[in-house]
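The values are calculated or read from the model by the stated rules, or taken from the named source; none is laboratory data. All of these numbers come straight from a predicted model, not from anything done at the bench. Counting neighbours? That spans all protein chains shown, and the Cβs are built from the backbone with ideal geometry, glycine included.
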Amino acid sequence: MSGRLAGKVCIITGTGGSVGRAAALAFAREGASVVGCDVTVEEAEVTSELVRAEGGTMISLQPCRLTDSSECHALVDFAVRAFGRIDVLFNNAAMAYFNWLEDITDEEWSRDMRGEIDLVFFLTRAAWPHLKTSHGVVVNTASLNGLLSFKTLGSLAHTTAKAGVIGMTRQLAMEGREHGIRANSISPGLIETNQTREQLKDPAWASAMLGKTLLGRLGRPEEVANLALFLASEESSYVTGVDIVVDGGMRVW
């Protein structure tokens, strides 16, 4: 353990997924006590086992439905009972739904807002008193879709929600300034996950998306996790209120 997060208690949501698992491993390697959660029980438990197999410290609460504010409070209580404090909140978990303006239903719209923006609000509000005490850090996962749109992707709700996460992060940084709380967001581009690997089987979609990436490849979950680690650590002590893009150069052309 090199100790970039030594002594820190870090909540990471969505640890059953690709980026969440990579972040749990990266944070634990740097000495953090990791508190994970997911709606998917088996995958979340695998992540905990992987962290502990490397000698790291991790506990996890699953299933945990962050779209329910009471379960967000339960996760915060779970972390504080185990470790006594919260230093970092990495709001990574989200569930996106895709559709076009003329096709999206009221329920689809509401479901996306719950699954991408309400859960960030609920959990941050629940953890805020503890972050004030620790002068902690919030890292939110936004998306490149919060900054630009793709003609091959019907992402009206997703784009709106992730733009909201970017705006919320800026406001959190402003409100947290008097308490020594920093807040930043990450906007990943095309990252290698089960979902994107399936989408890339469509030649038209693959050509349009990979063709916009200067590096000509998918991003790796570890590349997002490494940025989250930087933002969670004291190495970014003068960075707050910003959104950082991890997209292999998709916004350049």
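Some values worked out for this structure:
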{"read-out": "Sole exception among (1) of a type outside the set (Phe, Trp, Tyr); (2) in contact (Cβ under 8 Å) with a residue 24 or more places away in the chain; (3) over 24 Å from residue 21 (Cβ atoms) for residue 44, by number", "value": "(3)"}
{"read-out": "Top-ranked residue in the stretch 233-249 [being out of contact with any Gly (no Cβ under 9 Å at 6 or more places or on another chain) and either of a type in the set (A, V, I, L, M, F, W, C) or surrounded by fewer than 16 Cβ atoms within 10 Å (Cβ to Cβ) (or both); ranked as nearest to residue 186 (Cα to Cα)]", "value": "244"}
{"read-out": "Residues of the stretch 17-39 satisfying the condition of being part of a helix (DSSP H, G or I) and farther than 14 Å from residue 231 by Cβ", "value": "18, 20, 21, 22, 24, 25, 28, 29"}
{"read-out": "Enumeration of residues in the stretch 185-229 that are of a type outside the set (A, V, I, L, M, F, W, C) and in a helix (DSSP H, G or I)", "value": "194, 195, 196, 197, 198, 199, 203, 207, 221, 222, 223, 226"}
{"read-out": "Among the candidates 237, 233, 207, residue that is out of contact with any helix residue (DSSP H, G or I) (no Cβ under 8 Å at 6 or more places or on another chain), over 20 Å from residue 19 (Cα atoms) and touching a residue at least 12 places away in the same chain (Cβ under 8 Å)", "value": "237"}
{"read-out": "Which listed residue, of 31, 3, is surrounded by fewer than 19 Cβ atoms within 10 Å (Cβ to Cβ), closer than 23 Å to residue 131 by Cα and modelled with pLDDT of 95 or more", "value": "31"}
{"read-out": "Residue match in the stretch 70-77 (condition: in contact (Cβ under 8 Å) with a residue 60 or more places away in the chain and either among the polar types (S, T, N, Q) or out of contact with any Gly (no Cβ under 7 Å at 6 or more places or on another chain) (or both))", "value": "yes"}
{"read-out": "Residue 44 vs. criteria part of a helix (DSSP H, G or I), touching a Cys at 6+ places or on another chain (Cβ under 9 Å) and over 25 Å from residue 135 (Cα atoms)", "value": "yes"}
{"read-out": "Identity of the residue in the stretch 171-182, part of a helix (DSSP H, G or I) and crowded, with 17+ Cβ neighbours inside 10 Å, that ends up farthest from the chain's Cα centre (by Cα)", "value": "176"}
{"read-out": "Residue 121 vs. criteria within 16 Å of the chain's Cα centre (by Cα) and surrounded by fewer than 19 Cβ atoms within 10 Å (Cβ to Cβ)", "value": "yes"}
{"read-out": "Residue list for the stretch 21-72, restricted to those being of a type in the set (S, T, N, Q) and more than 23 Å from residue 193 (Cα to Cα)", "value": "33, 57, 69, 70"}
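For every residue, the table says whether it meets (1) buried (at least 21 other Cβ atoms within 10 Å of the Cβ); (2) in contact with a Ser or Thr (Cβ under 8 Å, 6 or more places away or on another chain); (3) of a type outside the set (A, V, I, L, M, F, W, C); (4) assigned to a helix (DSSP H, G or I).
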position	(1), (2), (3), (4)
60	yes, yes, yes, no
74	no, no, no, yes
79	yes, no, no, yes
85	no, yes, yes, no
93	yes, yes, no, no
104	no, no, no, no
111	no, no, yes, yes
